[in-house]
Amino acid sequence: MEISSASNLCLHLISCAFRRCRLSQQLCRISAVLKSLSPSILQISISDTGIGSCLEEFQDLNCSSIIAAEFWDGILSVKTTAICDDEIYHYHLNLMKNISSSRTLTRLPSNPKNGLKFSGTEVYLSISESIDVLVSEINHFFQKIMILNIPNIAIELVTEREDIPGSRCENVFLANKSNPGPLSTSNVECLKSGLEDYVLRHGNSLTQKCNTCFATSERLKVGSGIACSTENHKSSGLMMEVVVIISELESKCPCFRECSSKTEVLYFKDFTPCSNSHSTLNVLSTIDWQSYGLTLENVVDQGVCVLEWGDSPSHSQIDMVLHCYHKQYPMHKTQPEQHLIKKAVTAALNNLKETHPGILRSAHALKICSHAPDLARSIAGLILSSNDPDFQGECFSLLGLESRELGANAVEDCIQEKIVSVIEMNDRKPRQRNVVAPSLFEDDCDQDSSYQDKEYEEGEDEFIYLD
């Protein structure tokens, strides 16, 4: 793994600590301590109380550019212990050598645990970097990672300048403090809750929920989906989780974002915020957005992936987050995740459409719905103008109307509601392309079942709608 800067190295080490804590399934703490000894010398300690490190996560780091620029001497000091260990193991890892050569891993004297049962890891290094620059990047990183909303992890960032007495500062980050979930909450449910909190605070621009835009929960419509690849002896398997939120915003709100025509796609890989690859952008551009009443005009790489919509609903905002992670730790080689993205995004959109009738109607459904009022008016006229009481009674019974004294408007509304309900029900069914309509005058017309879209076939995959 290529590490291009001192800040990227620190963020990678924090990500590793985050994964270890998540896998412990116990209450855990991550501490990032930055101590400035001088304007150019910074001591960094990143510790966690998760499962012990297997050390493999440090072996493939390529930090040559940092070392060459003399920002760092290439030495990592690692202390680690697993819950079943009797000792705390101490190592020095020299990353100055190339990955292809044998790196120097020096085992130092261990410390006894004296019968205590605990686990954790601490990584220590000293680099040449400004504390202000690093603190800013770590703070932004922690705010992003809170979207994952993992309930068993608390994070603290501690900074101190040795040349300034009383400069010690502590900042604590907790997952969704307003609505904490149980430790057994699934990753995708945590992701839903985390993205909801992100949207309610207008993309983390506020410290609390915006009560102007989100006075009621009906203004937030959430859908989620999962796609996964099968584990085998060659691959540890991948999970792709997607959450899509459509929110209705108040134009009177001072935080109103004039960006309803754009969606920033947040992307996480193995519980770490990261940028979207070009192949991911290409996959997003191939999704049949028109089946959901959306017109994708462009997919833009602005450091993050931005979807630009045409004719998007006014005062509405679409937010989306993708998270791909390995099922096992340590991670083994897996196939690229791009083949899962389309399935998971489609599953999330279908789930949104299923649980919130009336939104994401396809262009075809919208066209048919536009004729529903006229059709309902005509049918209501036929019923109400009939002189046959038995016919009227049967019609009212089918419509679920008890009184025949109802006015024309009530009958029309009831009929229109049922027409639109049927249109939406058919719109939620998987689209079938190139299907020849059966002939009324020919027997046993063969139907070609090859109409379905061909997805990526790399591995056996599943996709799941989540209610």
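The values are calculated or read from the model by the stated rules, or taken from the named source; none is laboratory data. Keep in mind that this is a model prediction, so the values were computed, not measured. Positions of Cβ are generated from backbone atoms using ideal geometry, with glycine treated the same way; all protein chains shown enter the neighbour counts. For the accessible areas, the whole protein counts, side chains as well, though only heavy atoms, and no ligand, DNA or RNA atoms are used. Shrake-Rupley method; radii C 1.70, N 1.55, O 1.52, S 1.80 Å.
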Open item on the list: Go through the range 296-320 and report how many residues are open to solvent by 40 Å² or more (accessible area, probe 1.4 Å) and farther than 20 Å from L266 by Cα.
Closed with: 4
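Could you check the range 337-392 for helices (runs of 4 or more DSSP H) lying wholly inside it with 3 or more residues that are open to solvent by less than 10 Å² (accessible area, probe 1.4 Å)?
338-355, 372-385
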Task: Residue under evaluation C84, criteria (1) free of Cβ contacts under 8 Å to residues at least 12 places away in the same chain; (2) of a type outside the set (K, R); (3) in contact with an Asp or Glu (Cβ under 9 Å, 6 or more places away or on another chain), criterion not met - done: (3)
Task: Hits in the range 393-402 (condition: open to solvent by 50 Å² or more (accessible area, probe 1.4 Å) and without any contact (Cβ under 8 Å) to a residue 12 or more places away in the chain) - done: E394, S397, L398, E402
Open item on the list: Taking the conditions exactly as written (modelled with pLDDT under 95, part of a strand (DSSP E or B), among the aliphatic types (A, V, I, L, M) and out of contact with any Pro (no Cβ under 6 Å at 6 or more places or on another chain)), does L125 satisfy them or not?
Closed with: yes
TODO: Answer yes if at least one residue in the range 156-166 is surrounded by 12 or more Cβ atoms within 10 Å (Cβ to Cβ) and assigned to a loop (DSSP other than H, G, I, E, B), and no otherwise.
DONE: yes
Task: Every residue from the range 128-153 that is assigned to a strand (DSSP E or B) and open to solvent by 30 Å² or more (accessible area, probe 1.4 Å) - done: none
Open item on the list: Looking only at the range 198-229, how many residues end up being surrounded by 16 or more Cβ atoms within 10 Å (Cβ to Cβ) and outside any loop (DSSP other than H, G, I, E, B)?
Closed with: 14
TODO: Check off (1) assigned to a loop (DSSP other than H, G, I, E, B); (2) at pLDDT 90 or above; (3) touching a Cys at 6+ places or on another chain (Cβ under 9 Å) for I287 and give me the number that stays unchecked.
DONE: (3)
Open item on the list: I need a count of the residues in the range 290-321 that are in a loop (DSSP other than H, G, I, E, B) and among the small types (G, A, S).
Closed with: 4
TODO: Name the strands (runs of 3 or more DSSP E) wholly inside the range 8-94 in which the number of residues that are open to solvent by less than 20 Å² (accessible area, probe 1.4 Å) and more than 30 Å from I164 (Cα to Cα) is 3 or more.
DONE: none
- [ ] Just one of (1) modelled with pLDDT of 85 or more; (2) not in a helix (DSSP H, G or I) trips up E402, so point out which.
- [x] (1)
Task: Only listed residue being in contact (Cβ under 8 Å) with a residue 60 or more places away in the chain and among the hydroxyl-bearing types (S, T, Y), chosen from S167, S136, S130 - done: S130
